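Every number in this text was worked out from the coordinates using simple rules, so none of it is lab data. In this text, all values refer to a predicted model and were calculated from it rather than measured experimentally. Cβ placement follows ideal geometry from the backbone for every residue including glycine, while neighbour counts extend to all protein chains displayed.
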Amino acid sequence: MTSAFTMLRPLVLASGSPRRRAFLESVGLTFRILPATCDEPRPLPGEDPRAYAARCAEAKSRFVLTSMTDREAGTAVLSADTIVILRDETGASILGKPRDKAEALAMLSRLSGRTHEVVTSCCLAMDSHVECFDDMTEVTFAPWPRSVLEAYVESGDPLDKAGAYGIQGKGAFLVSRVSGSWSTVVGLPLNLVLERLLAAGVLDLKHAR
């Protein structure tokens, strides 16, 4: 497509997610993909879930920025980390990617018929500039019976996704309502990302008046 944006700096996406890549490509941005290979931090005792997501995103951006040996001057690195937060009488639980099918089923069973939060935190790092920003969307699951959840788990779709589901694919049927940004749930708050890239001077509007 013809892009409405002009790239002012080289951009690197520190993620191998095909969904995040597709979002940036959909608005015509040019960028390299260098997935962060660092270990993901674990939540600290009592840590706020959104602060944890920001810490994970920042770790990814800093890792890629410092590991690039062929970095062009002024290269900007964009990373993202998505978590699912379920709040109940015991507090806030962070649901990341399940380790196996059993854990995926346990997560989906907890989410069934309830509303949870999806937070995608992003980090933009370049030169001495590092900024984190995030977006939160509420998602409500329909109360599906265990047999349906088991069939979805057997499809293999939940195993590489936070909260054990993907709203953009086979897991779309699980969701009865979304309050907020759909792209945040998928893994990148696109509108917010573009705003920050423009403000930081990574992009400019092609036809700005």
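Straight-line reach from Lys101: which aspartates and glutamates fall under 12 Å, measuring Cα to Cα and dropping same-chain residues less than 8 apart?
Partners within reach: Glu150, Glu154, Asp157, Asp160.
With springs only between Cα atoms under 10 Å apart, run a GNM on the chain and tell me which of Ser183, Ser128, Ser155 wobbles the most.
Top of the fluctuation ranking is Ser128.
Any chance you could give the angle, 0 to 90 degrees and rounded to 10, that helix 101-111 forms with the longest Cα principal axis of the chain?
90
So what does the Cα-only Debye profile of region 5-205 read at q = 0.08, 0.15, 0.17 Å⁻¹, as log10 I(q)/I(0), no solvent term?
Rounded to two decimals, the profile gives -0.28, -0.91, -1.11.
With charges set only on the Cβ (+1 for Lys and Arg, -1 for Asp and Glu), what does the dipole of the chain come to about its Cα centre, in debye to the nearest 20?
Roughly 360 debye for the chain.
Among Arg87, Arg20, Arg196, which comes first, second and so on when ranked by fewest other beta-carbon atoms within 10 Å?
Starting with the residue having the fewest Cβ neighbours, the order is Arg87, Arg196, Arg20.
Springs between alpha-carbon pairs under 10 angstrom, Gaussian network model over the chain: which of Met107, Met68, Met136 fluctuates most?
Met68
With the contact rule set at Cα under 8 Å and sequence spacing of 6 or more, what percent relative contact order holds for the chain?
Over the chain, the number comes to 24 percent.
Based solely on its DSSP helices, what 222 nm [θ] is calculated for the chain when runs of n ≥ 4 H residues each add -39,500 (n - 2.57) and the sum is averaged over all residues, nearest 500 deg cm²/dmol?
After summing the helix terms and dividing by residue count, I get -9000 deg cm²/dmol.
Suppose R0 equals 30 Å. What FRET efficiency, 1/(1 + (r/R0)^6) with r the Cβ-Cβ distance, do Ala51 and Leu8 give to the nearest 0.05?
0.45
Could you go through region 65-82 in sequence order and give the Karplus-derived ³J(HN,Hα) for each residue, using 6.51 cos²θ - 1.76 cosθ + 1.60 with θ = phi - 60°, rounded to whole Hz, and x for Gly and Pro?
4, 7, 8, 6, 8, 10, 5, 6, 4, x, 4, 9, 10, 10, 10, 8, 9, 10
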